[in-house]
Structures are given as structure tokens and as C-alpha cells.
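Please read through the structure below; I'll follow up with questions.
The values are calculated or read from the model by the stated rules, or taken from the named source; none is laboratory data. In this text, all values refer to a predicted model and were calculated from it rather than measured experimentally. Here the Cβ positions follow ideal geometry from the backbone for every residue, glycine too, while neighbour counts run over all protein chains shown.
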């Protein structure tokens, strides 16, 4: 079906730029994925590879043409005294799921979102190993998915993407998706609560922002996150889920996650 992404508005143009950036970064990542690479540890002990830095450089090249400031995991972090003046900014994770990349299990993504006044308004997730693209615009409540053969962008490919039309069949089996690399005792408690309510719980494990995609598509019913995440981990997935009518809510307040906060660390949240 036709995604009808014509360059007729500034938002469409920004979405196309983000799509091109994500696909190009994915191509760069796959060149490194197919070869040997070194792993170093950042100050917070999280892993970093040359794929992270090269993908980040590719994305910056595209997004800098928009003159919209960029918050990226791999950019130098900008003080909130400066960021608080931004009504609009890009939120980027050039390689979400570096641990999965290192394990070579394919469960890593490129995440790009546009934030306006603390809310994600568009999001792009690219899965390089599967050559699969997800993108959404929240205002129009439209989200799409397609295959991008050989990581080659074309408007013809984009305009033939299928809409994401999730079917949420909440029955006796509740499909809960969780992190492959970040287990949580609180998630186990929640699962026991569901079981006590009479549900048969099927637990799915996925790396990176693929968890958001599974819920958006209806392949999972709920994604509870009781482990640390940063804003760049969630913004693109948040946009895609919001575009199909899902909520990404803070556990303690039931309010949506917000972005470009003084501290870029997210509170715990649930997607459903």
C-alpha cells in the first residue's frame, strides 16, 4: 500500500531525512558487522564499537542539514542550560543494542526521533540485519513497515510500505516482551500478578527498540521496563507506538515519557 509520503510539508521532509539517515547508518553498521571489530568500554562501562561511532557520523551528516539540534548517545552531551531553550530537537541512538551487536544475534537497531516540546512527533527505527524499516508520524496517527533491499533508499520503496495495523487480541494468553540483556525482578513480579489474574503469560525476549515494534505490530501485548534506559533508547519506539494508539507511560505516574529533560535518564515505564 502507498504510504503517500510526498515532500509536501516540512514534517514529511524531516521524516524522509530521518529515514535516509537511518538506512545509511544501517548500511555502515552492516559493513562492520560482517568483519572483526574491537569493543571498548565507556565511562559508564557500557560497550562501544566503531559501528556506533561511524553510524553516528553518518546520521549527523544528514540531520545537520535541518539546522535542528541533535541529542545523540554518541555526541558530546550538551548542558540543560542550553537544551532547555530548544522547542525541537532530534533524539538519536545510532546503534541501539550494542550488546546484541557484539553477540551477533541481529537484534540491534538504528533509532531516530524528532522531539517537539518534550514529545516525540515522528520516529524511525531501522533493523539492519533484517533490512526492515519502521517509521511513524504521531500527528497523522500513521505508522509503516517495509523491507529496504540492500539498504538502498528510494521513494518508490518508501511509498510502497505497508501500514502497521496492529490487532490486539487480549485473551487468556498475555504476551509480555522484555529485554534480552537487562533482566528485572520487578518484571517477574508483574508476570506473577498477571498469572494470578488468570492469564497464561508468554514471555518474549528481544534486544533494542525491537520490543516497541513488537507491541506496535500486535506481536506482543505489553512491554514493561523496570531497568534503566535513556531518552535516545525510547524516543523512536515511543513515536511509533503512539502513532498506532498505544501508551508509553511512566510506572509511577501514568504520564507519558517526556524528552529533553534535565536528566536524560528515563523513569521506568510500560508500553501497552
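Those residues that are in a helix (DSSP H, G or I) and closer than 25 Å to residue 78 by Cβ, I need them from the stretch 219-241; list them, please.
Hits for the stretch 219-241 are 231, 232, 233, 234, 235, 236, 237, 238, 239.
Can I ask one more? What are the residues in the stretch 33-52 that are surrounded by 12 or more Cβ atoms within 10 Å (Cβ to Cβ), in contact with a strand residue (DSSP E or B) (Cβ under 8 Å, 6 or more places away or on another chain) and free of Cβ contacts under 8 Å to residues at least 40 places away in the same chain, if any?
Matches in the stretch 33-52: 37, 42.
Further question: When the residues of the stretch 195-253 are filtered to those that are out of contact with any helix residue (DSSP H, G or I) (no Cβ under 9 Å at 6 or more places or on another chain) and at positive phi, which remaining residue is surrounded by the fewest Cβ atoms within 10 Å (Cβ to Cβ)?
This residue is 198.
Also: Out of the stretch 57-92, which residues are within 15 Å of the chain's Cα centre (by Cα) and more than 23 Å from residue 10 (Cβ to Cβ)? Show your work before the answer.
Of the residues in the stretch 57-92, the ones within 15 Å of the chain's Cα centre (by Cα) are 59, 71-73, 90-92.
Matches in the stretch 57-92: 73 only.
Okay, next question. Taking the options 95, 15, name whichever one is under 16 Å from the mean Cα position of the chain (by Cα), in the same structural domain as residue 127 (by TED's automatic domain parsing) and under 19 Å from residue 146 (Cα atoms).
Numbers: 95 fails: under 19 Å from residue 146 (Cα atoms).
Exactly one of 95, 15 is under 16 Å from the mean Cα position of the chain (by Cα), in the same structural domain as residue 127 (by TED's automatic domain parsing) and under 19 Å from residue 146 (Cα atoms), namely 15.
Now a separate question. Read through the list (1) in contact (Cβ under 8 Å) with a residue 60 or more places away in the chain; (2) in a helix (DSSP H, G or I); (3) closer than 27 Å to residue 130 by Cα; (4) not assigned by TED's automatic domain parsing to the domain that holds residue 19, then give the number of the only condition that residue 214 fails.
The failed condition is (1).
Of all residues being part of a helix (DSSP H, G or I) and either in contact (Cβ under 8 Å) with a residue 24 or more places away in the chain or not assigned by TED's automatic domain parsing to the domain that holds residue 37 (or both) in the stretch 98-143, which is surrounded by the most Cβ atoms within 10 Å (Cβ to Cβ)? Just the residue, please.
Restricting attention to the stretch 98-143, the residues satisfying the condition of being part of a helix (DSSP H, G or I) are 98-103.
Subset that is either in contact (Cβ under 8 Å) with a residue 24 or more places away in the chain or not assigned by TED's automatic domain parsing to the domain that holds residue 37 (or both): 98-102.
Values: 98: 23, 99: 18, 100: 21, 101: 27, 102: 15.
Within the stretch 98-143, the match that is surrounded by the most Cβ atoms within 10 Å (Cβ to Cβ) is 101.
How many residues does the stretch 161-177 contain that are modelled with pLDDT under 90 and assigned to a loop (DSSP other than H, G, I, E, B)?
8
Does the stretch 180-190 include one or more residues that are surrounded by 17 or more Cβ atoms within 10 Å (Cβ to Cβ), under 27 Å from residue 89 (Cα atoms) and touching a residue at least 60 places away in the same chain (Cβ under 8 Å)?
Checked the stretch 180-190: no residue is surrounded by 17 or more Cβ atoms within 10 Å (Cβ to Cβ), under 27 Å from residue 89 (Cα atoms) and touching a residue at least 60 places away in the same chain (Cβ under 8 Å).
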